[in-house]
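Accompanying notes for the structure given below.
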Amino acid sequence: MSREFSRTRRVAEQMQRELAELVRDELQDPRLGMITISAVEVSRDFGHAKVYVTVLDDARAQESVAVLNHAAGFLRRGLGQRMVIRSVPQLHFHYDASVERGSRISTLIDAAIASDQVKAKDHDQ
């Protein structure tokens, strides 16, 4: 059972690397923002793959995901040429908001620390 998991993980990691290169080198759509392939999850039967992307400009995130989903067939064919795998999974692109959430949480933590320092300074006086 763990062997299957490691194979799906290895395939997902290779797909992440190959997709990053394909998007960088082959997709020339001007609507596509600066994106990063943050993760790939491949189903156990290798039929589907969820590809999580982050976008530098959050305002263009949904448009970039739509462009990638539209180009999924082209990218799938490119993966088939680059990877030694029996069948290439269907690609489903999703926006990964974890970086945005992490940044927001970091800002909140910094604000809370600054507030605590001000309260401690006022209490000491």
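Every number in this text was worked out from the coordinates using simple rules, so none of it is lab data. Treat the numbers as computed from the prediction; the structure is a model and nothing was measured. As a convention, Cβ positions derive from the backbone with ideal geometry for all residues, glycine included, and neighbour counts pool all protein chains shown.
Between Ser38 and Tyr52, Val53, Thr54, the built amide H atoms are under 5 Å apart, and every one of these is 5 or more places off in sequence or on another chain. Axis angle, to the nearest 10 degrees, between helix 2-26 and the longest C-alpha principal axis of the chain: 90 degrees. Secondary-structure-derived ellipticity at 222 nm for the chain, considering helices only, amounts to -20000 deg cm²/dmol, per-run term -39500 (n - 2.57) for DSSP H runs with n ≥ 4. Here mean projected area of the Cα convex hull in nm² was computed from the coordinates, and among [x] 11.0; [y] 9.5; [z] 10.1 the match is [x]. Computed over the chain with a Gaussian network model linking Cα atoms closer than 10 Å, the most mobile of Ile85, Ile109, Ile37 is Ile109. Axis of helix 61-70 versus longest Cα principal axis of the chain: the two differ by about 10°, to the nearest ten degrees. Rounded to the nearest 5, the antiparallel percentage of DSSP beta bridges internal to the chain is 55%.
Just checking the listed ones, Ala66, Ala111, Ala49: in the Gaussian network model of the chain with Cα springs under 10 Å, the one fluctuating most is Ala111. Using Cα atoms only, what is the angle between the long axis of helix 72-82 and the major principal axis of the chain, expressed in degrees (0 to 90) to the nearest 10? Roughly 70 degrees, rounded to the nearest 10. Taking trypsin sites (Lys or Arg not before Pro) across the range 56-125, the ones in a DSSP loop with at most 12 further Cβ atoms lying within 10 angstrom of their Cβ are Arg86.
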